[in-house]
Amino acid sequence: MTDPSDATAAGAITIALVDDQALFRGGIRMLIGSQPDLRVVGEASDGRQAVELAARTRPQVILMDVRMPVMDGIEATKTILAEADARGGERPRIVVLTTFDLDEAAATAIRAGASGFLLKDAEPEFLLAAIRTVHAGNAVIAASATRELFEHFQQAPAAPAAPQRYAELTAREREIFLLAARGLSNSEIAAAEFLSEATVKTHISRIFAKLEVRDRVQLVVFAFEHGLV
């Protein structure tokens, strides 16, 4: 006999929890378990276990702590994404969890392919929304973190010149690129540029394609690394 909950679980977003604190994992598992469209498929207490868990369960979203024993979240992120690419399968969306607004570890994780990062003390509703957001193909960075990211790259060595692909953006695309790099949402960009949100989404998609970036996090990193904002 089929459990009626199986039908719900079958279409749910699958999530892996990676953190060396069992109590923290337990709290997140309970929160996610309260949502019919989300399902935890496994837990890991260090990066090496996370790599094995990702290979075994193929989660769609991974909540990844940065600082852990054995293997940290940065190396685990790199390894998991590299193995997904080697298999030719879909990459999991990785959200880095940190206790700091931004530090070198979180910035490095973003460069490694993470889809964003959240503070561990984020509101429960924000965490749930973040999971759904990254699963939909978007990125998650809180506004305060975007400012921290800007300051981080401002203090870095002189930025290299923007590559040729940036020059291929139209004037309008550059305007939208700069607004997105400063953390504005599609609705905020639409209001600033007197455009519809649908038009902004189209421009953003074209910008991603031309710059060869996956999402807004990578767009922000691209902008800051090349001194464009």
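The values are calculated or read from the model by the stated rules, or taken from the named source; none is laboratory data. What you see is a predicted model, and the numbers here were worked out from it, not measured in a lab. Cβ coordinates were reconstructed from backbone atoms using ideal geometry, including for glycine residues, and neighbour counts include every protein chain displayed.
Assorted remarks:
- Qualifying positions in region 56-79 - farther than 20 Å from Arg29 by Cβ and among the hydrophobic types (A, V, I, L, M, F, W, C): Val70, Met71, Ile74
- Condition met for Thr57 (out of contact with any Asp or Glu (no Cβ under 9 Å at 6 or more places or on another chain), buried (at least 18 other Cβ atoms within 10 Å of the Cβ), at pLDDT below 95 and not aliphatic (A, V, I, L, M)): no
- All positions within region 33-59 that are in a loop (DSSP other than H, G, I, E, B) and polar (S, T, N, Q): Ser34, Gln35, Ser45
- Residues satisfying the stated conditions in region 134-174, i.e. β-branched (Val, Ile, Thr) and either modelled with pLDDT under 75 or surrounded by 14 or more Cβ atoms within 10 Å (Cβ to Cβ) (or both): Val134, Val140, Ile141, Thr146
- Filtering region 183-229 to residues that are basic (Lys, Arg) and within 21 Å of Val95 (Cβ to Cβ) leaves Arg214, Arg216.
- Filter result for the condition that a residue is on the phi < 0 side of the Ramachandran plot, assigned to a strand (DSSP E or B) and surrounded by 20 or more Cβ atoms within 10 Å (Cβ to Cβ), over Ile62, Ile131, Ile110: Ile62
- Answer residue from region 33-54, given it is polar (S, T, N, Q) and over 17 Å from Asp20 (Cβ atoms) and is surrounded by the most Cβ atoms within 10 Å (Cβ to Cβ) among those: Gln35
- Region 183-213, residues that are among the small types (Gly, Ala, Ser) and crowded, with 18+ Cβ neighbours inside 10 Å: Gly183, Ala190
- Which numbered condition Ser34 fails, given (1) at pLDDT 90 or above; (2) within 21 Å of Phe117 (Cβ to Cβ): (2)
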